[in-house]
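The structure under discussion is supplied below as structure tokens; questions concerning it will follow.
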Amino acid sequence: MLPGLEAAELPADAIEVGRIADAWGVKGWFKVLPYSADPEALFSSKRWFLLPTEKGVKTFDGVGQLKIKEAKPHSDTVVASAHEVDDRTAADALRGARIFIAKSSFPTPRKDEYYWVDLIGLAVVNREGLSLGQVSELLSTGPQTVLVMQDQVDGQTLQRMIPFVAAYVDDVDLAARRILVDWQPDY
């Protein structure tokens, strides 16, 4: 483990939210590439869990925990400082580390807002009750998000895409693990 990086266990509800790109400045700050255009989880959580990069040079093994002093937006990235990281050398040693945050520490979404991770795996059904598949991923196309679904039809895997907008999405029921849409199978 790196000096100052506390050994930890990855929480059961940990979600990967970004990675450390590089050191930033000389006082131990580091630059983070968030996986979300709205990285509120990075700003609200004061404990980040790190795993080493999957490729390249690994500077540590296992799971490490950082206690975050401050995180703030900087251009299209986030810059952060941690209690355990006090100079550029220590920040540089974190390069490539994958950042995980416990989902329980994410901000509560507002009404009709959802975390993508909560939508993955939900069944998608149209108004007539026909199954259109299961959400396998979401794509950000700029102006809107698109649900990508996988479905088995006659032994073959079929992929469908539906814009995740109010014009087509009638209801998201997280408890029932279902999304009701105004969409036909042949669209």
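If we count other beta carbons within 10 Å of each Cβ, what is the order of Asp118, Asp61, fewest first? Working shown, then result.
Numbers: Asp118 15, Asp61 11.
Exposure proxy ranking, most exposed first: Asp61, Asp118.
Further question on the same structure: Do you know the relative contact order of the chain, to the nearest whole percent, from alpha carbon pairs under 8 angstrom that are 6+ apart?
Numbers: 388 pairs, mean separation 36.6, N = 187.
About 20 percent, as a whole number.
What is the Cα radius of gyration of segment 116-181 over 2.2 N^0.38 Å, N being its residue count? Could you put the intermediate results ahead of the total?
Numbers: Rg = 11.3 Å, N = 66, 2.2 N^0.38 = 10.8 Å.
Relative to the 2.2 N^0.38 Å estimate, segment 116-181 comes out at 1.05.
Grab the Cα-Cα distance for Tyr115 and Arg178, subtract it from 0.36 nm times how many residues apart they are, and report the gain in nm with one decimal. Write down the numbers at each step before the final one.
Details: separation 63, 0.36 × 63 = 22.68 nm, distance 1.45 nm.
Full extension from Tyr115 to Arg178 adds 21.2 nm.
Here's something else I'd like to know. Take Glu128, Glu40, Glu6 and order them by how many other Cβ atoms sit within 10 Å, fewest up front.
Details: Glu128 8, Glu40 13, Glu6 16.
Ascending number of Cβ neighbours within 10 Å: Glu128, Glu40, Glu6.
By count of other Cβ within 10 Å, fewest leading, how are Trp116, Trp48, Trp24 ordered?
Working: Trp116 17, Trp48 26, Trp24 21.
So the ranking, lowest neighbour count to highest, is Trp116, Trp24, Trp48.
A follow-up question, please. Give or take rounding to whole Å, what are the principal axis extents of the alpha carbon atoms in the chain, in descending order?
60, 34, 27
At a threshold of 8 angstrom on Cα-Cα distance, excluding pairs fewer than six apart, so keeping six or more, what relative contact order does segment 116-181 reach in percent?
Averaging sequence separation for qualifying contacts and normalising by length gives 30 percent for segment 116-181.
No value in this document is a laboratory result; all are computed from the given coordinates. Because the structure is predicted, anything quoted here is derived from the model rather than measured. Please note: Cβ atoms are built from the backbone with ideal geometry, for glycine as well, and neighbour counts cover all protein chains shown.
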